[in-house]
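What follows is a set of notes on a single structure, which appears directly below.
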Amino acid sequence: MLIDLPGWGDGRLTASATVVTADQISDLVRAVIDQLGYRRCRLVGHSMGGLIALHLASAAPELVTRVGVVSPTSFAIIRSVEHPVREFRLVPAFTMLWRVMGVLRALGGTGRALVRGASAIGLMRVVFAPLFAHGFRMPASVVRATVDGIDPHAFLTAAEVVRGYDARALWSKISCPVDAVAGDRDVFVGADDLAELQRTIPQALVTVVPECGHFGLVEWPLRVLIGLGFARAAVVHRPHGSEP
C-alpha cells in the first residue's frame, strides 16, 4: 500500500494550509490504515515520509511492528529550519532549495512558468542534480519526474512540520525494530544524522548506500531493499543482469 502525503503525488493540500503538524499527517496515515482494516502494520517512509513513519511508531506502538526509513528528514534539517543561517553548513542544499521554493511560491503563476521554462532549457537538471549521486547521468525522465513532483507550497509546508519538532524525545520512545537507509552523498541527510538516530533509537539498524544520493529507491533500489530488511524478497525477485 502506498500513501501520498498531503501536497505530494495525489495527496491534496489546499493553498490556505500553511501549518501542518506531524500529528495531523500521522492521523491521516493511521486513518487510511484503519479504513483498510489493518490492526498492525510495517511502515516504510522516504524523506518526510520517514519522519512521519517514526512519529507514528512513537505515538502508536500498538499499531506499528517495524519501521523502515529511507533518507529520513531528521536532525540536520530540523536544526536548519530552526536556525537557517547559524546551521547552514549542516545541509546547505536543503536550505538553498527551501529559499528558492519560498521565492517561487511568492511568485505564484509566474513562478510555475519560470520552472517550466527552466525545465525546458535543461536548467532544472542543474538545480536538482545534487539530489542524486550522479545527477547529470540520470535519465531525463527521472529529472522531469523530480521537477514535476516538487510543489513549492508543499515543500515549504513540509519544512514547517519540523519547526520545533523534538525528534530525540519522541523517537526515543520507539520500541519496535527500525531500519534506516541513506546514501553516502545524500545532501538532505546531515553527516551525523544516522549516528544520532542510532543513539536515539539504540535498536536501529543503519545502512549507508555508496554512490547514492537522496533518491536511493531510484538509484540503487535493490541495495535499499536489502537495507530495509527485504533482502530475501529482493534476491528472489532480482531480474537477470540487475545491480548486485
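The table that follows gives values for the structure above.
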| read-out | value |
| --- | --- |
| Asp27 paired with Ser141, simple spin-label distance in nm, labels 7 Å along Cα-to-beta-carbon | 4.0 |
| Centre separation in Å (Cα based) which lies between the stretch 137-193 and the stretch 18-92 | 9 |
| By average C-beta atoms within 10 angstrom, highest first, the peptides 39-51, 63-75 | 63-75, 39-51 |
| Calculated [θ] (222 nm, deg cm²/dmol) that DSSP helices of n ≥ 4 give over the chain, each run adding -39,500 (n - 2.57) | -13500 deg cm²/dmol |
| Per-q log10 I(q)/I(0), the stretch 70-222, q = 0.09, 0.12, 0.15 Å⁻¹ (Debye; single scatterer per alpha-carbon; no solvent) | -0.31, -0.55, -0.85 |
| Difference of contour (0.36 nm per residue) and Cα-Cα distance, Gln203 to Arg89 | 38.2 nm |
| Angstrom value of the Kirkwood radius, inverse mean 1/r, which spans all Cα pairs in the stretch 101-168 | 13.3 |
| Accessible solvent surface per residue of the chain, calculated while the other protein chains remain in place, 1.4 angstrom probe, Å² | 52 |
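The values are calculated or read from the model by the stated rules, or taken from the named source; none is laboratory data. All values reported here derive from a predicted model rather than from experimental measurement. All Cβ positions, glycine included, derive from the backbone under ideal geometry; neighbour counts span all protein chains shown. The protein model used for the area step is the full one, side chains on, heavy atoms only, and it has no ligands, DNA or RNA in it. Shrake-Rupley method; radii C 1.70, N 1.55, O 1.52, S 1.80 Å.
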